[in-house]
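Shown next, in structure tokens, is the structure this report addresses.
The values are calculated or read from the model by the stated rules, or taken from the named source; none is laboratory data. In this text the structure is predicted, and so the values were computed from the model without any measurement. Methodologically, a virtual Cβ is constructed for each residue, glycine included, from the backbone with ideal geometry; neighbour enumeration extends over all protein chains shown. Accessible surface is based on the protein model in full, side chains and every heavy atom, while ligands, DNA and RNA are left aside. Shrake-Rupley method; radii C 1.70, N 1.55, O 1.52, S 1.80 Å.
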Amino acid sequence: MDANKINLLNYDRNMMRDYFARLGEKPYRADQFIKWIHGDGITDFDAMTNLSKSLRRQLQEQAEIILPEVALEKLSTDGTVKWLFRLADGNSIETVYIPESDRGTLCVSSQVGCALDCSFCSTGKQGFSRDLTTAEIIGQVWLAVRRLSETDKRHDRKVTNVVMMGMGEPLLNYENVLPAMNLMLDDFAYSLAKRRVTLSTSGVVPMMEKLRDTSEVALAVSLHAPNDELRNELVPINKKYPLSSLMAVCKNYFKEETKRKITFEYVMLAGINDQPKHAKQLITLLQGVPAKVNLIPFNPFPHAPYQCSSDEVIQAFAHRVRQSGIITTIRKTRGDDVDGACGQLVGQVQDRTRRAARWREKISIPVVAA
Ligand code: SAH
Ligand code: SF4
């Protein structure tokens, strides 16, 4: 990394056009450049044959493309892939790919750690280190797309969906998350449909309003409790933005598109939020809100103060909510043999040696050094 050079992975199409304008270049040149980097995965300026030689030289002098490093790559028995990416400052983040019959979902991180300290989340327990740059966010997508096609040519493993559900609260790093999501949607970059890119938030209400006004991506809200008393305990940001304000913004979030729904995530914690009375409160709370509910079996981590609800309890809860007419799904737990399941994304590996050794024992494809 060269401190005097600009990392062009930080720019979405509009930012790239501004930069190219400063070089005296037309907007379509910036578009071609975006296509080289993100569409074709080419980071060597010299290989960008439709750009003039003098432009390529200018780019080489001023700019660079810096991606995170692949520190570890691990394939789970169910096809889930988990990467540990090392950043230039030594921090690490995790990204997970989850293949299903009709889609391939990439779970992307937005921060190193998280400041919001939800009581059931291992990322929250780790504390907050820093925001990711746009380059580090979109770099996860760039690397996943390339690693998936390089490491297994037998299967057509594509990224068709992105969920901002890795480490961090994306709406507290909005400035860097937005250009990265713009690139995910950009036809010249990753060309994902707006319904296939989902931002998940614990409920940062003012930023939800901003997101609604600036991006068309899908929205998931980490609800987890149907009343303020319990939500204050599980999702502490509820003390700042209580359910009344959260539900007010959710009610008319997709104003123009009446059929679009918000996904409400609800982690199933035995004896805490999984009782019939909670299902009843949830139904009342979601009245008049364009809602789907996704029940997430709690993924335990060391010293977690909770246990996952039993299958029967989860099924009964789902049945109750469904009976009110709300579409309710139960998330399949995937990749837990690679610690890639929700809430297990512990990125900053302090005791890297021990963890790396443990991963290697379980690994079913070779460890990829960067
Ligand atoms: N900060 C954002 C996005 C990252 S968390 C948010 O909270 O929405 C992604 C999802 O994983 C959230 O719904 C979160 O509540 C859930 N999650 C966190 N820890 C979990 C755990 N231990 N078991 C199951 N789901 C968990
Ligand atoms: Fe942060 Fe989301 Fe974890 Fe809460 S659930 S601590 S907001 S990452």
Residue list for region 237-272, filter: within 16 Å of ligand 2 (Cβ to nearest atom), over 23 Å from residue 212 (Cα atoms) and out of contact with any Asp or Glu (no Cβ under 6 Å at 6 or more places or on another chain): 267, 269, 272
Matching residues, region 255-289, being in a loop (DSSP other than H, G, I, E, B) and open to solvent by 30 Å² or more (accessible area, probe 1.4 Å): 255, 256, 257, 258, 259, 261, 270, 271, 272, 275, 287, 288
Residue identified as in the same structural domain as residue 335 (by TED's automatic domain parsing), more than 14 Å from ligand 1 (Cβ to nearest atom) and touching an Asp or Glu at 6+ places or on another chain (Cβ under 7 Å) among 84, 75: 84
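Conditions tested, residue by residue: (1) closer than 19 Å to residue 83 by Cα; (2) more than 16 Å from ligand 1 (Cβ to nearest atom); (3) among the aromatic types (Phe, Trp, Tyr); (4) not assigned by TED's automatic domain parsing to the domain that holds residue 263.
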{"site": "140", "(1), (2), (3), (4)": "yes, no, no, no"}
{"site": "158", "(1), (2), (3), (4)": "yes, yes, no, no"}
{"site": "168", "(1), (2), (3), (4)": "yes, no, no, no"}
{"site": "179", "(1), (2), (3), (4)": "no, yes, no, no"}
Residues that are away from ligand 1 (no atom under 16 Å from the Cβ) and surrounded by fewer than 21 Cβ atoms within 10 Å (Cβ to Cβ), drawn from region 191-205: 191, 193, 194, 195, 196
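I need the full set of residues from region 99-111 which are out of contact with any Asp or Glu (no Cβ under 6 Å at 6 or more places or on another chain) and either under 15 Å from residue 143 (Cα atoms) or modelled with pLDDT of 95 or more (or both), in order please.
104, 105, 106, 107, 108, 109, 110, listed by residue number.
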Residue satisfying all of: in region 73-104; part of a strand (DSSP E or B) and among the hydroxyl-bearing types (Ser, Thr, Tyr); surrounded by the most Cβ atoms within 10 Å (Cβ to Cβ) among these: 95
Boolean, residue 216 is surrounded by fewer than 23 Cβ atoms within 10 Å (Cβ to Cβ), more than 13 Å from ligand 1 (Cβ to nearest atom) and not in a helix (DSSP H, G or I): yes
Residue list for region 131-147, restricted to those being more than 23 Å from residue 171 (Cα to Cα) and not hydrophobic (A, V, I, L, M, F, W, C): 146, 147
